[in-house]
Amino acid sequence: MAKIQNPLLLTLYSKYVDRILSSTASIEDANQRLRDLGRDIGSQVYLTTEIVDKTKETVSTREDVAKLMDVIFKSLFNKKPSNVDMKTARGSVRVTDKDCLWCQDVHLEGMRGFGYCEIFSGILEAILEFKGVESKVFQEMCRATGAEVCTWNVRLVW
Amino acid sequence: MTTDLERALSKLRFDDQVLGYSLMTKDGRPFVSFSFPDELFPRVRDSISLYKSDLRLMTIDTEKGLVVLSPVDTNWILTVLYVPELQLGLAIAKTKNVLRLLEGIELPPPPDEFEESVEGNLQVLETIAINAASTSPVPSSNGQPVDVPVTAAASPAVTAASAPIIERSPEDFAVQPSTIPKRGETYTTALTLDSDLHKEMKKNHRNFGFDVLMLVDGKLTVERIADSMFQSNERVAELLMWAASKGIVNVPLETGTVKKKEATLGRFVKCPKYEGPPAKVKPEHKRIINACDGTQTTDAIAELLGVTHAKVIQTVALYRKHGLKMIGRTV
């Protein structure tokens, strides 16, 4: 059996996902509601971690955004993201995690397009907003639905 | 006026942790005292004269116990002697509770001549107040003191429990942390020591009932009352629901079963409170940080000041290292 990191968080989050999925018929709506949840808790995450102290007061370049991603991963997951890609998509930063915490040992079938870890999109969006960066974040790929890695697309609106 | 003053002071008298108290003039002369040791007066007087008009809240650790001094207004100082083992914070909180009760009372200045530490001086104070006319809330036509100012204060209260004929049970009332209880028709009776109602309250709730009722002034919310007594909202709400069923206080009635299902602890929120040095606050952050008093959420602060929520979070986050805390509470 795979070793689960932070089983309490995982269990709590799966309860949330269950509740959302049982109250909507639309994948897109479920994704949005998970993002909303992330945005809701984003301020608490920002206020209870070292993110504010470890980052520049203003984030103004894509490099700054990449560094911010490193700090967020370090603060929340005590690791670096597997990859932060600033090149392949114009106007976006792609963040990849091959050992994503949120969807450990989750295997979904027939749920194409569902981002199990969309909560993290919301958290990223909120933190970027507190750093003065407007963005739209969504999960492009998710291990829970069969992808190799979890990837979030951070679309920056400068 | 004096009845309210007496009521406020009786809170101290019935407190087991209070050894004595004295209402003193700003010169340090004891006007009305109760069990306050005479030998402590010179020391208290010295402390008062040392600080003069700058006196705020002050504590003196004496061999008899802990003395807390606090100005009531420009003329009067309340001095309370607590048992030595009482924690400093609790002693200060208890004193502040009494001060809060005294807030609404306009005390006249002391007479030029008076005998020190006499309990009858309260009546002297009352006479001065009535002569001054404007300070007495309900002077009767013949100039005599009106005996029941509390009833007068209670009369405009909520009508929810104003039908004593209908027997109601505590469950018929809805008390939330944000509810403001008001004094009811039997409020005075409940505080009268030899009344059956007081005995019933004492039997069921001991001194807790008395303590809660003393703080019911039509202004404080259940949450504020619970906070100042270091008690849970639920315990205070439970007592108030019982008191409402007896007409002692007025609180809203429960409205139907649907509402009953929704009766919860309230919404759990976190409110920022800045307890760090004011000098650390940058001028551009002052408006937001000043609003961080532990009673308002970041959303409420943003709305109050007309700034974005993100701006409030950004600012609040910067001051965590300087002593900003997030206080969890139910609203």
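The values are calculated or read from the model by the stated rules, or taken from the named source; none is laboratory data. Remember, predicted model here, so these are calculated numbers, not experimental data. Cβ sites come from the backbone with ideal geometry, for glycine too, and all protein chains shown count toward neighbours. Protein only, heavy atoms only, side chains kept; ligands, DNA and RNA dropped before computing areas. Shrake-Rupley method; radii C 1.70, N 1.55, O 1.52, S 1.80 Å.
When A:Thr58, A:Thr88 are checked against the criterion of being closer than 27 Å to B:His309 by Cβ and outside any helix (DSSP H, G or I), A:Thr58 stands alone in meeting it. Looking only at residues of region B:301-331 that are open to solvent by 30 Å² or more (accessible area, probe 1.4 Å), part of a helix (DSSP H, G or I) and farther than 19 Å from B:Pro278 by Cβ, we find that the one that is farthest from the other protein chains (Cβ to nearest Cβ) is B:Leu304. Residue check: B:Glu200 meets all listed conditions (1) open to solvent by less than 70 Å² (accessible area, probe 1.4 Å); (2) within 18 Å of B:Pro252 (Cβ to Cβ) but one, namely (2). Among the residues of region A:96-130, the ones that are in a helix (DSSP H, G or I), open to solvent by 10 Å² or more (accessible area, probe 1.4 Å) and of a type outside the set (Asp, Glu) come to 1 in all. In region B:86-98, the residues that are farther than 13 Å from B:Asp211 by Cα form Cβ pairs under 6 Å with partners that are at pLDDT 85 or above and open to solvent by 50 Å² or more (accessible area, probe 1.4 Å), at six or more places apart or across chains, as follows: B:Leu86/B:Gln17. For beta carbons closer than 7 Å, sequence separation of 6+ or different chains, a first residue in region A:68-81 that is part of a helix (DSSP H, G or I) and a second that is of a type in the set (Asp, Glu), the qualifying pairs are A:Ser75/A:Glu50. The conditions are (1) closer than 30 Å to B:Val175 by Cα; (2) within 14 Å of chain A (Cβ to nearest Cβ); (3) at pLDDT 90 or above, and B:Val269 fails exactly one of them. Which is it? Going through (1) closer than 30 Å to B:Val175 by Cα; (2) within 14 Å of chain A (Cβ to nearest Cβ); (3) at pLDDT 90 or above one by one, B:Val269 breaks only (3).
Exactly one residue out of B:Val72, B:Val18 is of a type in the set (A, V, I, L, M) and within 25 Å of B:Pro111 (Cβ to Cβ): that is B:Val72. Reported count of residues in region B:71-85, each being open to solvent by less than 10 Å² (accessible area, probe 1.4 Å) and over 12 Å from B:Leu102 (Cα atoms), is 4.
Residues in region A:24-67 that are more than 14 Å from every other protein chain (Cβ to nearest Cβ), free of Cβ contacts under 8 Å to residues at least 40 places away in the same chain, charged (D, E, K, R) and open to solvent by 80 Å² or more (accessible area, probe 1.4 Å): A:Arg33, A:Glu63, A:Lys67.
Looking at region B:223-246, can you tell me whether even one residue there is touching a residue at least 12 places away in the same chain (Cβ under 8 Å), more than 21 Å from the chain's Cα centre (by Cα) and part of a loop (DSSP other than H, G, I, E, B)? Taking every residue of region B:223-246 in turn, at least one turns out to be touching a residue at least 12 places away in the same chain (Cβ under 8 Å), more than 21 Å from the chain's Cα centre (by Cα) and part of a loop (DSSP other than H, G, I, E, B).
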